[in-house]
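Shown next, in C-alpha cells, is the structure this report addresses.
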Amino acid sequence: MIRKLTKADEALFVAMSREFYASPAVEHDVPPAYHTDAFAELMRSDEYIEGYLLSDGETPAGYALLQKTYSREAGGLTVWIDEIYLRPAFRGKGLAKELFALAETLGARRLRLEVEPENERAVALYKKLGYRELEYRSMIKDL
C-alpha cells in the first residue's frame, strides 16, 4: 500500500529518513535538522516535492520522496525519484515496483533518479523497469 505522508507521520518519517541517511545507499549523512525541514516542506505544499509512505499491510515499510521539475529536454514535467527507502525486512516484496508504477501516473514526460553504483540490487531493479544510464556527469555545488 502507498499513500501520501500526513502530519501524523512526522516521527515515523524522521526515523526512517535517519535510517536511510545512515545507510550505504547514500554518499553521506545530513545534519539532523534536514530531516525535520524536509518533512515541514512536504507538509507545506506538494508543488515541488511529494512524500509517500510505503506499507506492507498495516506495517510501515519505507518512504519515497518525488520531486518535480520542468525539463525542456524532456518536453515537460520531470519527476525525480529523489529518495526511496525500504527497511531491510521489506525489500524484495514489490513495494518499490508499486512506487514506480505510481510515479508513472503523475503526468510526467520523464522519470529520473540517481543511484550509487555500488547499489547493484537497486541498479538491477531500475534497469528491469526500463531505466537507462545517462552519459551525463552530474555535478553539484553546495552553498
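With a ≥ b ≥ c taken as the square roots of the eigenvalues of the C-alpha gyration tensor of segment 2-128, please select rounded if a/c is under 1.5 and otherwise prolate if a/b is larger than b/c or oblate if it is not? Because its axes are fairly even, with a/c under 1.5, segment 2-128 counts as rounded. Could you calculate the contour length gain from Lys97 to Ile2, that is, 0.36 nm times the residue separation minus the distance between their Cα atoms, to one decimal place in nm? Working it through step by step, the gained length comes to 33.1 nm. Close Lys pairs in the chain, defined as Cα atoms under 16 Å apart and 8 or more places apart or on different chains, number 4. Taking each residue as 0.36 nm, the span from Asp46 to Val26 lengthens on full extension beyond its C-alpha to C-alpha distance by 4.8 nm. Scalar couplings 3J(HN,Hα) for segment 117-126, obtained by applying the Karplus form with A = 6.51, B = -1.76, C = 1.60 to θ = phi - 60°, are x, 6, 7, 4, 5, 5, 4, 4, 4, 4 Hz; x denotes Gly and Pro.
Rounded to 0.05, the FRET efficiency of the Leu106 and Ala15 pair, given R0 = 30 Å and the Cβ-Cβ distance, is 0.70. In this simple spin-label model, placing a label point 7 Å from the Cα along the Cα-to-Cβ direction at both Thr69 and Asn119 gives a separation of 1.7 nm.
Every number here is computed from the coordinates shown, using simple stated rules; none is lab data. Quick caveat, the model's predicted, so the values are computed rather than measured. We place every Cβ from the backbone using ideal geometry, glycine too, and count neighbours over all the protein chains shown.
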